[in-house]
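Single-structure report; data block below.
The values are calculated or read from the model by the stated rules, or taken from the named source; none is laboratory data. What you see is a predicted model, and the numbers here were worked out from it, not measured in a lab. Cβ placement follows ideal geometry from the backbone for every residue including glycine, while neighbour counts extend to all protein chains displayed. Just so you know, the surface numbers come from the protein's heavy atoms only, side chains and all, with ligands and any DNA or RNA stripped out. Shrake-Rupley method; radii C 1.70, N 1.55, O 1.52, S 1.80 Å.
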Amino acid sequence: MAINRLTWKIGGKAGEGIMATGMIFSQSCSRGGLHVYDISEYPSLIKGGHNNLQVRVEDREIFSQVKGVNILIALNKETILLHKGELVNGAGIIYDSSEVIEPKEINDNIRLYPIPFNNIIKEIGVQGIMKNNVALGASIALIDYDFGIVGEVIKDNFKRKGDKIIDENTRAAKAGYDYIKNNFKNDFEYKLEKTGKPGRMVLTGNDAICMGAINAGCKFYAAYPMTPASSILHFMAAQERRFNIVVKHTEDEISAINMAIGAGFTGVRAMTGTSGGGFCLMTEGYGLAGMLEVPVVIILSMRPGPSTGLPTWSEQGDLKFALNASQGDFPRPVLVPGDIEESFYLTQVAFNIAEKYQTPVIVLSDKNLAENHKSTDKFDPKKVTIDRGSYADPADLAASLDTTFFKRYKYTENGISPRTIPGMKKGIYTASSDEHDEEGSISEDIDVRIKMMQKRARKMDTLAKELKQPELVGSQDTDANADADITIIAAGSTKGPIKEAMILLEKEGIKVNFLQIVYLNPFPSEKVAEVLGSAKKTAVVENNFSGQLADIIKEKTGKDVDKRVLKYDGRPFYPEEIFTAIKEVVTHG
Amino acid sequence: MVKMTDLNVIDRPNWCPGCGNFGILIALKGAIVELNIEPENVAMISGIGCSGKVPHWIRTYGLHGIHGRALPVATAVKLSNNGLTVFTVGGDGDGYGIGMCHFIHTMRRNIDMTYIVHNNMIYGLTTGQTSPTSEKGVRTKSTPSGVIEVPVNPIALAISAGATFVARSFGGDVKHLQKTIVAAVKHRGLSFVDVFQPCVSFNNVNTYDWYKQRVYDLQAAGHDTTDKIKAFTKSQEWGEHIPIGIFYEVLSPTYEDELPQIKDTPLVKQLIDNIDISGLMDDFT
Ligand SMILES: Cc1ncc(C[n+]2csc(CCOP(=O)(O)OP(=O)(O)O)c2C)c(N)n1
Ligand code: SF4
Ligand SMILES: [Mg+2]
């Protein structure tokens, strides 16, 4: 018997409400004090293709999906055929009893729970689409979880749709629950119990980015839909009136970034978000923001390329693109959150850096982080204080002449020039995409060009000085091992499965340290070089083909990592895969 | 009272002597003075081209951005601070070529701002290639055997895309132009003004004289600006007689009118240090 440790999976045709049912399950577990991590897979089409969502549940904090499914809800036969190989011994399949399953199709150790969905639905008089809920209820009975919590979650989730819908959904789930209780023995090996502390949020990285942006005072969001960034647009649009934000679905990504620049120039905290293809269109605007020294936050949520690639899958293949997009040299801070908390806090930091250093800032995420849900403690909205950077002193402005432009691009030691915004008397200037002098006037003068390039570049030096170097940690965020067998270096969403893999490695007696790169630029060269110089062995773990992070490390430190653990099939790393790869490096080099 | 000198800058425009842009700049300044708008409350947004340099030669806030992308910038400036008077200025290549997508969408958005296109029917800054408004057959550096396509019709496009103020003027007639710009700014909603602008260096067909012989004032001719079909008919006139003036004007709610978020306070004036997301976090538990 295993209590509070299982993976639940639901699969069926796209358009059958799989994601919504999965969310109800995740939230029900979280409300019972359990930790959840879910991951969904869906093709780039709307109706008919295969969708599935997998929820891992435990009574400790968990950071990624793992291999092995304990309970599979198959809304169609295809789901069984596609996922039966993932089932562990003693796992159960809940499916429609009208499907015929040949004994040879399924391993003996798997338990079958056929349910007459259509009869049940007819009996209780609800629509066919409620099949999901019948199945959900059945799974709750099987794992012996508290149905009351599920009922509450259904009520909250369908609040806006009215009492009738709430009632139908609840009755459907309850009918499935009762069917299992009345027709099968209570001997399923995997169970869930309420425990610990309820009240965690169940949310995605994109949700966290939006909360971070709203908390940071983002007042303008412009974007063009593109997976996996679209849900940022939906979230911000849904909240625009509650928090007084202007959200614009633009004609294209070129417009989106130029609008964000317009808002930033006017003095409003502004953001845009897209994936690689959209960012291709934004690159000219990205450079414009760099040249005008206008603050803008850009969320770049990666999916596999090149071109349209795998639209609804994940990859970390745009690291070099983010670092090098647009012509010329200018400060390009790039922040890479590794989990949901960091998505929240770093988005706020991104706004501060953008305003303080008057430059565009990229927050680099990916589909895994953007769209997978995790139960997460509520954030601390006061942790990151808003820093709006330096504005021209009104007294200085009052004393200045009426006939000239304000020195908006004044040469300063730290590279940061106090700004003015439209409406400020005597702060008048023109922001120019042409090279310009301190007053913003176009200039092709040799001296001006050199000084202005250096001034902009100094902002990056100032920022680099302000940032802390990253810290090496051991398994479960403990202090680093003094004599680790290997050090893993990574950036972004691979953090989750790496943390899980570290636990597995420790159990095998392998001592492992982890260095997470959060700032791709300014890059923490000092610390990375030190680690590469002292670690017994090093490996990068990246979701891309070529090992872009390893290349960047080489560029910045001159040193090679010993091993590149790479995956580029569009799927996230499983901890087991990292475990095997790292163990192999440690034992065989 | 705002004076002409308040808008002057020390640098002199570096357009070619005789360029039609000078007339447009004078009319623009004249309109701002006539409307008595404080220079710090004006935002002059442009893309790239000879025309795109206007913000550098008028003492208002300005943003001289990238080729073809001025309208999205201007849109957001207005939405971020709807107390500002926002102008977008740029060339025919900028607005009807590379920026055409934004042109159409801005016309249908009805943001309360003014868009002035310096239409010289040529690419000036890049030394004389064909533009979307070049007439069929015109020989330029990029079309040595003559343009094969027919020109775009900005007036007809703007009307059909939903613009609420559509006008045309001529840089060689500063009085008419200033009057048109004043009407454009006074109009609540998106105002579009296509301006014939002689390019003395690269367009030797559409000269000051060419225009002077052809243009006639719609208002003097008693044109009904409230009739969309008549406006559309007028937009098709070309050749010996070319109409200038206001083709079409209609009042309809602006984009800003539809945003309760900025009804009381412009975005830029809204305080951000005390935003409470606790309810939002609760929604996710
Ligand atoms: C993306 C991009 N492509 C090309 C150019 C080069 N370019 C600068 S101005 C211009 C055309 C100018 O024509 P128009 O917009 O009509 O302005 P004018 O100079 O005639 O006022 C071009 C193609 C550029 N700056 N950016
Ligand atoms: S090239 Fe033509 S448009 Fe440009 S400044 Fe000279 S005359 Fe004016
Ligand atoms: Mg032109």
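General observations
- Fraction of beta bridges assigned by DSSP in the protein assembly as shown that are antiparallel (%, nearest 5): 30 percent
- Size of the stretch A:2-199 as Cα extents on the principal axes (Å, biggest first): 45, 40, 40
- Residue A:45 - accessible surface, heavy atoms, 1.4 Å probe, Å² rounded to 10: 80 Å²
- Of the trypsin sites (Lys or Arg not before Pro) in the stretch B:178-262, those whose Cβ has at most 12 other Cβ within 10 Å and which sit in DSSP loop: none
- Per residue Cα convex hull volume in Å³ - calculated over the stretch A:180-233: 174 Å³
- Furthest towards positive pole of dipole, B:106, B:130, B:4, structure part chain B, Cβ charges: B:130
- For the stretch A:1-145, the tally of Lys pairs with Cα-Cα distances below 25 Å comes to 26, considering only residues 8 or more apart or on different chains.
- Estimated dipole of the protein assembly as shown in Debye, rounded to 20 [Cβ of Lys and Arg +1, of Asp and Glu -1, Cα centre]: 780 debye
- For q = 0.15, 0.23 Å⁻¹, Debye-computed log10 I/I(0) when each Cα of the stretch A:472-588 counts as one equal scatterer: -0.58, -1.45
- Rounded if a/c under 1.5, otherwise prolate or oblate - the stretch A:316-375, Cα gyration tensor axes: oblate
- Using alpha-carbon coordinates, inclination of helix A:276-292 to the longest axis of chain A, degrees: 30 degrees
- A Cβ-based charge dipole, computed about the Cα centre of the stretch B:2-282 with Lys and Arg at +1 and Asp and Glu at -1, lands at about 720 debye.
- Prolate/oblate/rounded label for the stretch A:71-185 (Cα gyration tensor, a/c 1.5): prolate
- Accessible area per residue (1.4 Å probe, heavy atoms of protein chains only) ranks A:588, B:56 as A:588, B:56, with the largest value leading.
- Residue A:398-residue B:4 FRET efficiency (beta carbon distance; Förster radius 25 Å; 0.05 resolution): 0.60
- Using every pair of separate Cα atoms, the Kirkwood estimate puts the hydrodynamic radius of the stretch B:2-282 at 19.3 angstrom.
- Residue-level accessible surface for residue A:152, protein heavy atoms, 1.4 Å, Å²: 100 Å²
- The stretch A:221-276 and the stretch A:146-195 have Cα centres spaced 38 Å apart.
- 5 angstrom amide H check on residue B:46, placed H, neighbours 5+ away: B:63, B:64, B:65, B:89
- Shown in residue order for the stretch A:442-457 are the 3J(HN,Hα) couplings computed by the Karplus curve 6.51 cos²θ - 1.76 cosθ + 1.60 at θ = phi - 60°: 4, 8, 10, 5, 4, 4, 4, 4, 5, 5, 6, 4, 5, 4, 4, 5 Hz (x for Gly and Pro).
- For chain A, Kirkwood radius (reciprocal of mean inverse C-alpha pair distance, Å): 25.7 Å
- Pairs of lysines in the stretch A:492-541 (C-alpha under 16 Å apart; 8 or more residues apart or interchain): 6
- Separation of alpha-carbon centers, the stretch A:46-122 and the stretch B:163-224, rounded to whole Å: 70 Å
- The stretch B:98-141-the stretch B:39-85 distance, computed between alpha-carbon centres (Å): 17 Å
- Prolate/oblate/rounded call for the stretch A:394-466, Cα gyration tensor, a/c under 1.5 rounded: oblate
- An ellipsoid equivalent to the stretch B:142-267, defined through the eigenvalues of its Cα gyration tensor, has semi-axes of 30, 17, 15 Å when rounded to whole angstrom and sorted largest first.
- Contour excess over end-to-end distance, with Cα ends at residue A:444 and residue A:385 and 0.36 nm allotted per residue: 17.3 nm
- Positive-end extreme of charge dipole, the protein assembly as shown - chosen from A:310, A:8, B:233 (charges on Cβ): B:233
- Whole-angstrom Cα spans of the stretch B:35-151 along principal axes, big to small: 49, 30, 24
- Straight-distance crosslink candidates among aspartates and glutamates, where the alpha carbon sits under 17 Å from residue B:212 and sequence neighbours closer than 8 are dropped: B:173, B:194, B:237, B:240
- Helix A:525-534 and the long axis of chain A differ in direction by around 60°, with both axes built from C-alpha atoms.
- Positive-pole candidate from B:183, B:164, B:207, dipole of the stretch B:149-285, charges at beta carbon: B:207
- 3J(HN,Hα) from dihedral phi, the stretch A:205-219, Karplus parametrisation 6.51/-1.76/1.60, rounded to Hz, x for glycine, proline: x, 5, 4, 5, 4, 5, 4, x, 4, 5, 5, 7, x, 4, 10
- Table column - 3J(HN,Hα) (Hz), the stretch B:261-272, Karplus curve with 6.51, -1.76, 1.60, x for Gly and Pro: 4, 10, 5, 8, 9, x, 3, 5, 8, 7, 6, 10
- Rg/Rh for the stretch A:203-376, where both radii come from Cα atoms and Rh is the Kirkwood radius: 0.92
- Residues whose amide H falls under 5 Å from that of residue B:248, counting only those 5 or more places apart or on a different chain, are B:166, with hydrogens built in the peptide plane.
- Number of partner chain Cβ atoms within 10 Å, mean per residue of B:78-86: 5
- Residues whose amide H falls under 5 Å from that of residue A:366, counting only those 5 or more places apart or on a different chain, are A:302, with hydrogens built in the peptide plane.
- Kyte-Doolittle mean at least -1.0, axial Cα span of 20 Å or more - DSSP H helices of chain B: B:21-35
- The stretch A:107-196 - charge dipole about Cα centre, Lys and Arg +1 at Cβ, Asp and Glu -1, debye rounded to 20: 340 debye
- Degrees separating the helix A:340-357 axis from the principal Cα axis of chain A, which is the longest one: 10 degrees
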